[in-house]
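Trainee: Below: one structure in structure tokens.
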Amino acid sequence: MIATLALLALTMLPQSSQTQKRSPERTVFQTSSTYTDRINIRADVAIVYGFDKGMPDRVKAWRDRGYTVHLMTGVAWGEYQDYYFGRWDGVNHEDEAQTRRNGEKVGHGKDVYYMSPGKNYGKYLAEGVRRALDVGVEAVHLEEPEFWTFSGYSEGFKREWKDYYGEEWQDPQSSPDARWRAAKLMYYLYRRALQQVFDSIQEYNKEKGTHVRCYVPTHSLINYAHWGLVSPESSLARLNGCDGYIAQVWTGTARTPNIYQGVKKERTFETAFLEYGSMQNLVRSTGREVWYLADPIEDDANHDWGDYRRNWESTLIASLLQPEVSQYEVMPWPERIFNGNYPSETNKNQRVPIPDAYELEVQTAINALKDMSQKSNSWDSGSHGIGVMVSDSLMFQRGGPSASDGDFGHFYGLAMPFVKRGMPVQPVQLENVTLDGYLKGLQVILMTYEGMKPLTPDVHDAIVKWVKDGGSLIFVDNDKDQFLKAREWWNTDGKAFATPRQHLFEKLGIPQTPTQESTAVGRGRVVYLAKSPSELSRQAEGAKWLADKVKTTVPNFQWKESAALVLRRGPYVVAAGLDESSSPVKTLKGKFVDLFDPSLTVQKDITLSPSSRHFLVDLGKAKMTVLAAAGSVHQASDTAKTWAGTVEGIADTPCILLLRAKGQPKKITVDGQSISDYTYRKEDGLLWLRFPNQARPQKIQVEY
């Protein structure tokens, strides 16, 4: 009964806690440090990490510097020893630590464990969060509710199993059914804990008349499933009091190797593009918000600065190729980026601080992110309107026995052939297809039940309606997934389908196992390909075979391939050249400044070579005076005779400011002192100013 009620909760979509207008929060960052001049990022929001004793002082320090302040704290783990060892409620909760089969607790440092949250764990977190509410944080971020699939052996988890299922615990490795049920319980436990915190914050808002918002920073569904983690993902947007997510996508997740055309390697850009897309599809049609994270380095401290830079550019461009999103977490942990030492690009044995050129590039790019809410967006790429269906149940099949493909080919085997052809594929969240308008704009959906299953049967009704209204469903599956035998709605309570695909096809009015490849259904079409997507990903010609099938079986679909993904966002051009592509290399015509170029040089006719990444300002489209800046700019006046404003950035970093000039400058001052380090380019009417950044507003004046 409890399990049934938990699934019914997924069909509810309550209002979020956001009930009043507020200042735009385009850019945020998270930090465990108090304010220092070396991490004066000048984003709109500083997210202070942790509700320990030093938290109030950190909140005050950032607020005193003019930042809006949020709180972030871990959900799966943290410095929560008061809870573990019974100092909070007199009950020892060590048996709630996630535990491996051999009895080893899953740790994250000394006396810090990943938790299998018991009935009071969320209440403990809520009490800590309230301390931050009392010092005035404006939003709370509950980070990374994560359950490792290899765990599930603690006494606490066994108790929850019996309460949830009304039966004795089973070893998750004993059968696909036991694995499925273990993961489903893991999913539920973190949703329950988060709802306890959300409820507490809503009660606080009601008591105090505040409007504190609640967000969940989380890896993408694609990454969690690939790495073998379970998290409540799409269901969180259905919980009362949840305002949205931070999409924790960065080099560390996106460089996870995958297989395409039989070759396994890192494909950071393409993977990040799909990860960000899956996160946007968590909130589409829900009214929730999402921020996109990118990290100028990553958790692994042994890569060199060149590696960090290339991969950051790839992830940032991937995030900018999602025009529906214009909010960004510009970085986590700036203290480790601007104060840490990492291997030199030229000498891996030497650790050095962040290079000046990279400091310039990062600050220039993150300041431009505040301007991504553009009314005009247009693509120059391959065909649009293609989706690949994903479900939270991708996380339920990642452990033994009979675990799904370790290289995640059941997803990448369907998605990568089209991304590599320059088609901006959307991962489509199966749990959300019942929402009004969710499938709008999609012409083709690729789908399989290899590696995932529908959690409720009602999603099939929405898919049937979409097909009958003109959509083309490409179902790729050989029906050999061992998890088809898990006890679920398609084979219990009087239903006896061998696979939920048969239920879907019955609803579509076609044979459960069609004898023909393509069948018209209403105004749409169903194409059934009895193949394994994972096997296709391992075949040198598998991607071409699948692409050709879609090209030839879907009528009235405008097929177009491209060697690049290009998106114009107002005056900005976001571009990524694709390797492993057979299409001609694309060239962008015009005059541009690349924000990834620390010198901000004017460039003409940008060739999008394979693996190239560009964040461009189109000088022919840009109407603003301030074209780029490695600092936060506030324009005070802009006349025919003068430009005046302020620039503030990170201390001890170089700054470059690019302006449209009214003519040859007569005098340029910074805080009243003349500077000589500038360049005026008459033919383009551009002026470059160079000076050291200060962690305070510097007054800049240009006289013409």
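Trainee: Which net charge results for the neighbourhood of V428, defined as the other residues with beta-carbon distances under 13 angstrom from its beta-carbon, given Lys and Arg at +1 and Asp and Glu at -1?
Mentor: Details: positive: R284, K440; negative: D392, E431.
After counting each charged neighbour, the total is 0.
Trainee: Using r as the Cβ-Cβ distance of E506 and K623, and R0 as 51 Å, what FRET efficiency do you calculate, to the nearest 0.05? If you can, show how the numbers build up before the last one.
Mentor: Values: r = 57 Å, r/R0 = 1.11.
So the FRET efficiency works out to roughly 0.35.
Trainee: Quick check: net charge around Q81, other residues with Cβ under 12 Å of its Cβ, Lys/Arg +1 and Asp/Glu -1?
Mentor: Details: positive: R87, K110; negative: D52, E79, D82, E94, D111.
Cβ neighbours under 12 Å give a net charge of -3.
Trainee: Shifting gears a bit: Kindly state, to the nearest 0.05, the FRET efficiency for D652 paired with K110, given R0 = 35 Å and r defined as their beta-carbon distance.
Mentor: Numbers: r = 34 Å, r/R0 = 0.98.
The formula returns an efficiency of 0.55 here.
Trainee: Over the stretch 311-432, what percent of the accessible surface lies on carbon and sulfur atoms, probe 1.4 Å?
Mentor: Details: 1390 of 3270 Å².
After summing per-atom areas, the C and S share lands at 42 percent.
Trainee: Using helices alone, I'd like the mean residue ellipticity at 222 nm for the chain: each DSSP H run of four-plus residues gives -39500 (n - 2.57), total over residue count, nearest 500.
Mentor: Working: 17 runs with 189 residues, N = 704.
Helix contribution divided over all residues of the chain: -8000 deg cm²/dmol.
Trainee: Arranged from highest to lowest average of other beta-carbon atoms within 10 Å per residue, in what order do the peptides 343-354, 146-157 appear? Intermediate values should be presented prior to the final figure.
Mentor: On the way: 343-354: 13.7, 146-157: 22.4.
Per-residue mean Cβ counts within 10 Å order the peptides as 146-157, 343-354.
Trainee: Report, for the chain, the % of DSSP beta bridges that are antiparallel, rounded to 5. Walk me through the numbers on the way to the answer.
Mentor: Numbers: 70 of 116 bridges.
Close to 60 percent.
Trainee: May I ask you to list the trypsin sites (Lys or Arg not before Pro) in the stretch 354-449 that are in a DSSP loop and have at most 10 other Cβ atoms within 10 Å of their Cβ?
Mentor: On the way: sites: K370, K375, R398, K420, R421, K440; in loops: K375, R398, K420, R421, K440.
Passing sites in the stretch 354-449 are K375, K440.
Trainee: What are the aspartates and glutamates whose alpha-carbon lies under 19 Å from the alpha-carbon of K420, with same-chain residues fewer than 8 places away excluded?
Mentor: E266, E270, E275, E313, D380, D407, E535, E541, D548, E561, D579, E580
Trainee: Let me ask another. Given the peptides 514-525, 294-305, 570-581, arrange them by the average over their residues of other C-beta atoms within 10 Å, most packed first.
Mentor: In descending order of packing, they fall as 570-581, 294-305, 514-525.
Trainee: Beyond a 32 Å Cα-Cα separation, which of these cross-linked pairs lie in this structure: K53/K158; K480/K549; K265/K465; K158/K453; K468/K560; K495/K560? List each step's numbers first, then the result.
Mentor: Numbers: K53/K158 34 Å; K480/K549 22 Å; K265/K465 39 Å; K158/K453 24 Å; K468/K560 25 Å; K495/K560 42 Å.
From K53/K158; K480/K549; K265/K465; K158/K453; K468/K560; K495/K560, over 32 Å: K53/K158; K265/K465; K495/K560.
Trainee: Within the stretch 246-272, what residues put their amide N at less than 13 Å from the label point 7 Å along the Cα-to-Cβ vector of Q539?
Mentor: It comes to 261-262, nothing else.
Trainee: Once R0 is set to 51 Å, what does the formula 1/(1 + (r/R0)^6) return for the Cβ-Cβ distance between E683 and A301, expressed as a FRET efficiency to the nearest 0.05? Could the numbers behind the result be given before it?
Mentor: Details: r = 45 Å, r/R0 = 0.88.
The computed FRET efficiency comes out at 0.70.
Trainee: Right, another one. Please give the per residue accessible area of the chain, computed with a probe of 1.4 Å over protein heavy atoms only, in Å².
Mentor: Numbers: 25780 Å² over 704 residues.
That works out to 37 Å² for each residue.
Trainee: Further question on the same structure: So, in Å, what gap is there between the alpha-carbon centers of the stretch 448-510 and the stretch 667-704?
Mentor: 63
Trainee: Calculate one ³J(HN,Hα) per residue across the stretch 231-242 by plugging θ = phi - 60° into the Karplus curve 6.51 cos²θ - 1.76 cosθ + 1.60, and present them in order as whole Hz with x for glycine and proline.
Mentor: In residue order, the calculated couplings are 8, x, 5, 5, 5, 5, 5, 9, 8, 4, x, 8 Hz.
Trainee: Moving to a separate point now. Take the solvent-accessible surface of the protein heavy atoms, probe 1.4 Å, and return the percent of it on the stretch 187-232 that carbon and sulfur atoms account for. The partial results should precede the final answer.
Mentor: On the way: 590 of 1220 Å².
C and S fraction of accessible area: 49 percent.
Trainee: I would also like to ask the following. When the accessible area of the stretch 576-697 is split by element with a 1.4 Å probe, what percent falls to carbon and sulfur?
Mentor: The value for the stretch 576-697 is 49 percent carbon and sulfur by accessible area.
Trainee: With unit charges on the beta carbon (Lys/Arg positive, Asp/Glu negative), name the residue among V283, V521, T499 whose Cα is farthest towards the positive pole of the charge dipole of the chain.
Mentor: Final value for the positive-end residue is V521.
Trainee: Please state the charge dipole magnitude for the chain, taken about the Cα centre, from unit charges on C-beta atoms (+1 on K and R, -1 on D and E), reported in debye and rounded to the nearest 20.
Mentor: Numbers: 84 positive and 86 negative charges, 385 e Å.
Using Cβ point charges on Lys, Arg, Asp and Glu, the chain gives about 1860 debye.
Trainee: Would you please name the chymotrypsin sites (Phe, Trp or Tyr not before Pro) within the stretch 85-146 that are DSSP coil residues with at most 14 other C-beta atoms within 10 Å of their C-beta?
Mentor: Working: sites: F85, W88, Y113, Y114, Y121, Y124; in loops: F85, W88, Y114.
Qualifying residues, ordered by number: F85.
Trainee: Quick one: net charge of D300's neighbours, Cβ under 13 Å, K/R +1, D/E -1?
Mentor: On the way: positive: R255, R336; negative: E266, D295, E298, D299, D304, D307.
Value of the local net charge: -4.
Trainee: Just need the relative contact order of the chain here, percent rounded to a whole number, with Cα pairs under 8 Å and 6+ apart. Walk me through the numbers before you get to the answer.
Mentor: Numbers: 1575 pairs, mean separation 82.9, N = 704.
In percent, rounded to a whole number, it is 12.
The values are calculated or read from the model by the stated rules, or taken from the named source; none is laboratory data. Computed from a predicted structure; not experimentally measured. Every residue, glycine among them, receives a Cβ derived from its backbone with ideal geometry; neighbour counts consider all protein chains shown. SASA here: full protein model, heavy atoms, side chains in, ligands and nucleic acids out. Shrake-Rupley method; radii C 1.70, N 1.55, O 1.52, S 1.80 Å.
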